Amino acid sequence: MTDMHSLPALTDRDANPDRDAKADRNTGNTGNAPNPRNAGNANLYALFESRFPEDRSACCIETQEGLYYSWDDLDRATAKIANLLKSLGLPDDSRIAVQVEKSPEALMLYLATIRAGYIFLPLNTGYRAAEIEYFVGNAEPAVVVCSPSNFGWVSQIAFKAGTRHVFTLHEIRNGRNAGSLLERAAHQSDQFSTVKKTADELAAILYTSGTTGRSKGAMLSHGNLASNAIVLQDYWQWQPGDVLLHALPIFHVHGLFVASHGALLNGSKMIFLSKFDNPEVIRQLPRSTVFMGVPTYYVRLLSDPGLDATLCSAMRLFISGSAPMLTETFRDFQTRTGHTILERYGMSETIMLTSNPYDGERIGGTVGFPLPGVSVRIVNADGHPCATGEVGDIQVKGPNVFQGYWRMAEKTAEEFTSDHYFKTGDLGRIDERGYISIVGRSKDLIITGGYNVYPKEIETLLDEIDGVAESAVIGVPHADFGEAVTAVIVPKPGANLTESGIIAQLKLSIANFKIPKRVHFVEDLPRNTMGKVQKNLLRQDFKPT
Ligand code: AMP
């Protein structure tokens, strides 16, 4: 059943008694013939279209409430939204800024935006007025979409910045997603010819998480996104019959691109959770084959006694990234489930750049090898390649690397070398087998009395101490040394740790200049939504007075 008056054209369980049969018939991309209209079109949506399964009534997205959206629903809903955007008469390079809760319709809005040839600009749902004011002022979007509850203040900011159209999305009415965007789109045609784009035209702008300084808009082209998705489909061996359990937010590279694109390109069903929720993930794991998460998700799953090998017996692949995974988590997960997590490394500016292998050995604490077609090198302060095992700056070149920072030509120029490598800002090393490990951010590097201290080295040692759940090492201003190494530790429940005990243990294995001058104990480390420890907050909290 299709409801033409409310968008998207969704069909629910009751209306589809044969839903499960259809869902399971979705056996993944079988090489559907490309739509001749799309020949020579580098629009990312055209690539997805060419990979839709032959049976378009198969399930593309299923929600935890049991709603299901077929590939046909996806195609028609994105056509309606694309037609609505086109009807606004926007300039070709218009930005569509979106701050809404995760839902299938929000994903469709993303797809409709690129299908219509505009530039998608997702915004973290946690951003408050001052942050939105900055992003909207900087990006000057033609359209802003927000949740109905934020309409008052968001529309004020948007109109002040010159945005003419503000829509709302995500107000559940009668179990369906509504808001002015879908209401307006419902009256549009469900046919739309995907707009022709070249590979280097922009598809999205992702503002970096910006733990230091102002956030920058990383401009990604259709070609950046398509090339990375194609490489990952092959590298992670997406298979017919794969089902993606999608629990990540969709305002970030991990959930929006890596996860969604993988399933879309493979013609695979996604079980689309509105957020990560332990019991729900545990409930859905037996019906899934691929799961992607940030390390925190794995820590939380391990805290659930229900997680075991039987629960994960249908699973093919667990992937982790966006923040460093503790080797303890990697090992515990292996012991509990029999699955070896595949860790990969990426960022807003480059999408994915390295990955542990699918078939070869996946080594915890490393991020594996450069992806095919991507050149990664590690250089010292003089720009010369580092020797095996030596720590240096990670630089990258390839079809995945972004087009520059939005309206920051100077900043962009600073971040590229003369031979066009992008300076990631991450510090790492390559071992003799070619596996890359990330040691920290160059901005996190602590320089104490002229010596370089890599926080990751100390954190790894701290995490191995009995009773330490996790740790973060920061530099704080120090009159004598410039910076003083400072450790912040989360003890395990019931652990009896002391500052002097920790320092004594570290002294057994590392040079004195690396030993923290102070050790602080806290209940939790502050993290952003992607699981990254917010060291800027720790630096503030533990700044000497
Ligand atoms: P974002 O642009 O928000 O995705 O942040 C990218 C940054 O996250 C990278 O520059 C790394 O510092 C960090 N990162 C991503 N993946 C990993 C990983 N597997 N291990 C350690 N750090 C990671």
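Among the residues of the range 143-193, those that are within 20 Å of PHE120 (Cα to Cα), open to solvent by 20 Å² or more (accessible area, probe 1.4 Å) and aromatic (Phe, Trp, Tyr) comprise PHE151, PHE159, PHE192. Among residues that are in a loop (DSSP other than H, G, I, E, B), assigned by TED's automatic domain parsing to the domain that holds ARG316 and small (Gly, Ala, Ser), SER274 is included.
Of all residues being hydrophobic (A, V, I, L, M, F, W, C) and over 17 Å from GLU101 (Cβ atoms) in the range 272-290, which is farthest from the ligand (Cβ to nearest atom)? Just the residue, please. Checking each candidate, the answer is ILE282. Scanning the range 310-325 for residues that are more than 16 Å from the ligand (Cβ to nearest atom) and touching a His at 6+ places or on another chain (Cβ under 8 Å) yields CYS312, MET315.
Does the range 358-371 include one or more residues that are buried (at least 17 other Cβ atoms within 10 Å of the Cβ), in the same structural domain as ARG429 (by TED's automatic domain parsing), within 14 Å of the ligand (Cβ to nearest atom) and of a type in the set (Lys, Arg)? Yes, because at least one residue in the range 358-371 is buried (at least 17 other Cβ atoms within 10 Å of the Cβ), in the same structural domain as ARG429 (by TED's automatic domain parsing), within 14 Å of the ligand (Cβ to nearest atom) and of a type in the set (Lys, Arg).
Per the conditions (1) outside the structural domain of MET315 (by TED's automatic domain parsing); (2) modelled with pLDDT of 95 or more, the sole criterion not satisfied by LEU285 is (1).
Table: residues versus (1) part of a helix (DSSP H, G or I); (2) within 15 Å of the ligand (Cβ to nearest atom).
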residue	(1), (2)
LEU245	no, no
LEU248	no, yes
HIS254	yes, yes
PHE257	yes, yes
MET292	no, yes
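A search for C-beta distances below 8 Å between a residue of the range 432-443 that is in contact (Cβ under 8 Å) with a residue 12 or more places away in the chain and any residue that is among the aromatic types (Phe, Trp, Tyr) and more than 9 Å from the ligand (Cβ to nearest atom), counting only pairs 6+ apart in sequence or on different chains, returns GLY434/PHE369; TYR435/PHE369; ILE436/PHE369; VAL439/TYR454; GLY440/TYR454.
The residues on offer are GLY152, GLY117, GLY179, GLY126, and the sole one that is over 25 Å from SER322 (Cα atoms) and touching a Ser or Thr at 6+ places or on another chain (Cβ under 7 Å) is GLY179. Note on the range 402-481: enclosed strands (runs of 3 or more DSSP E) holding 1 or more residues that are touching a helix residue (DSSP H, G or I) at 6+ places or on another chain (Cβ under 9 Å) and modelled with pLDDT of 95 or more are 422-430, 436-441, 468-478.
Inside the range 218-254, residues that are open to solvent by less than 10 Å² (accessible area, probe 1.4 Å) and either among the hydroxyl-bearing types (Ser, Thr, Tyr) or without any contact (Cβ under 8 Å) to a residue 40 or more places away in the chain (or both) make up a count of 1.
All told, ALA323 falls short of being open to solvent by 40 Å² or more (accessible area, probe 1.4 Å) and of a type in the set (Gly, Ala, Ser).
Per the listing GLU343, GLU328, the residue uniquely within 9 Å of the ligand (Cβ to nearest atom) and acidic (Asp, Glu) is GLU343.
Just need a number here: residues in the range 328-344 that are in contact (Cβ under 8 Å) with a residue 60 or more places away in the chain and open to solvent by 10 Å² or more (accessible area, probe 1.4 Å). The qualifying residues number 1. From the list LEU301, LEU311, the lone residue that is touching a Pro at 6+ places or on another chain (Cβ under 7 Å) and either assigned to a strand (DSSP E or B) or more than 16 Å from MET347 (Cα to Cα) (or both) is LEU311. Considering every residue within the range 509-516, establish whether at least one is at pLDDT 95 or above and not charged (D, E, K, R). The answer is yes; a qualifying residue exists. Within the range 483-500, the set of residues being over 20 Å from VAL533 (Cα atoms) and surrounded by 14 or more Cβ atoms within 10 Å (Cβ to Cβ) comprises ALA495, LEU497, GLU499. So which residues in the range 53-82 are crowded, with 20+ Cβ neighbours inside 10 Å and part of a helix (DSSP H, G or I)? Once the filter is applied, which keeps residues that are crowded, with 20+ Cβ neighbours inside 10 Å and part of a helix (DSSP H, G or I), the range 53-82 yields TRP71, ASP73, LEU74, ASP75, ARG76, ALA77, THR78, ALA79, LYS80, ILE81, ALA82.
Results for (1) in contact with a Leu (Cβ under 9 Å, 6 or more places away or on another chain); (2) within 30 Å of GLY255 (Cβ to Cβ), shown as yes or no for each residue.
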site	(1), (2)
LYS443	no, yes
ILE446	no, no
ILE458	yes, no
ALA479	no, no
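The values are calculated or read from the model by the stated rules, or taken from the named source; none is laboratory data. None of these values were measured; they are calculated from a predicted model. Cβ sites come from the backbone with ideal geometry, for glycine too, and all protein chains shown count toward neighbours. Ligands, DNA and RNA are stripped out before the accessible areas are found, and what is left, the full protein with its side chains, is counted by its heavy atoms. Shrake-Rupley method; radii C 1.70, N 1.55, O 1.52, S 1.80 Å.
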